[in-house]
Amino acid sequence: MAKVVRQAVVLPAPAKALYAMYLNARTHQAITGGKVVISSRPGSKFSAFDGMLLGRTLQAIPGRLIVQAWRSGRWKKGAIDATLVLRFTPKGRSGRIDLVHANVPAHDYRGVNDGWKNYYWRPWRRYLAHRR
């Protein structure tokens, strides 16, 4: 049975800058520490963590929204892709990211849920703190 991960985080950078950082391979890699291939072009391939995460960018609305087909290398070969939606909104001088990660296989729900916190939000916060 597939599950849905829902999270929200406020990071100390403008929402448009956070959007750009996620879609910039060099910055995304600096945040997460693994090799990244990414683009805002619909249909373009996405990979992160040296190929551990794979997918395609389905839609990107500049500065506001990213939708990706997404899967982990830990998922069974026949499992269908999850859908990741990242919405970026201003929150004062900071930016808020609302995440909905739908169709996550039940066996990896905890890994995906905790993974966003441990491998994206915390490292991103550290990255931004060192840029000041």
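The values are calculated or read from the model by the stated rules, or taken from the named source; none is laboratory data. As the structure is a prediction and not an experimental result, all values here were calculated from the model. Protein only, heavy atoms only, side chains kept; ligands, DNA and RNA dropped before computing areas. Shrake-Rupley method; radii C 1.70, N 1.55, O 1.52, S 1.80 Å.
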Notebook entry, point to check: Based only on the alpha carbon positions, what is the Kirkwood hydrodynamic radius of the stretch 1-100, in angstrom?
Noted result: 13.9 Å
Notebook entry, point to check: Just from its helices, what would the mean residue ellipticity at 222 nm be for the chain, if runs of 4 or more DSSP H residues each count -39500 (n - 2.57) and the sum is divided by every residue, rounded to the nearest 500 deg cm²/dmol?
Noted result: -7000 deg cm²/dmol
Next item on the list: Could you do me a favour and compute the accessible area per residue for the chain, 1.4 Å probe, result in Å²?
Entry: 56 Å²
Item checked: Extension reserve of the Gln59-Arg126 stretch, reckoned as 0.36 nm per residue once the Cα distance is removed -> 21.3 nm
Next item on the list: Take the solvent-accessible surface of the protein heavy atoms, probe 1.4 Å, and return the percent of it on the stretch 21-132 that carbon and sulfur atoms account for.
Entry: 51 percent
Checklist line | Solvent exposure ordering (accessible area, 1.4 Å, most first) of Thr27, Thr83 | finding: Thr83, Thr27
Check: Taking H as built 1.01 Å from N, whose amide H comes closer than 5 Å to the amide H of Lys35, not counting residues under 5 places away?
Finding: Phe49, Asp50
Margin query: Restricting to Cα pairs below 8 Å that are 6+ residues apart, what does the relative contact order work out to for the stretch 1-88? Please round to a whole percent.
Written below: 20 percent
Notebook entry, point to check: Hey, what do the phi angles of the stretch 85-90 turn into as Karplus ³J(HN,Hα) couplings, whole Hz, using 6.51/-1.76/1.60 and θ = phi - 60°, x for Gly and Pro?
Noted result: 10, 10, 10, 10, 9, x
Margin query: Below 21 Å, Cα to Cα, which lysines can Lys117 reach? Residues fewer than 8 away in the same chain don't count.
Written below: Lys3, Lys16, Lys35, Lys91
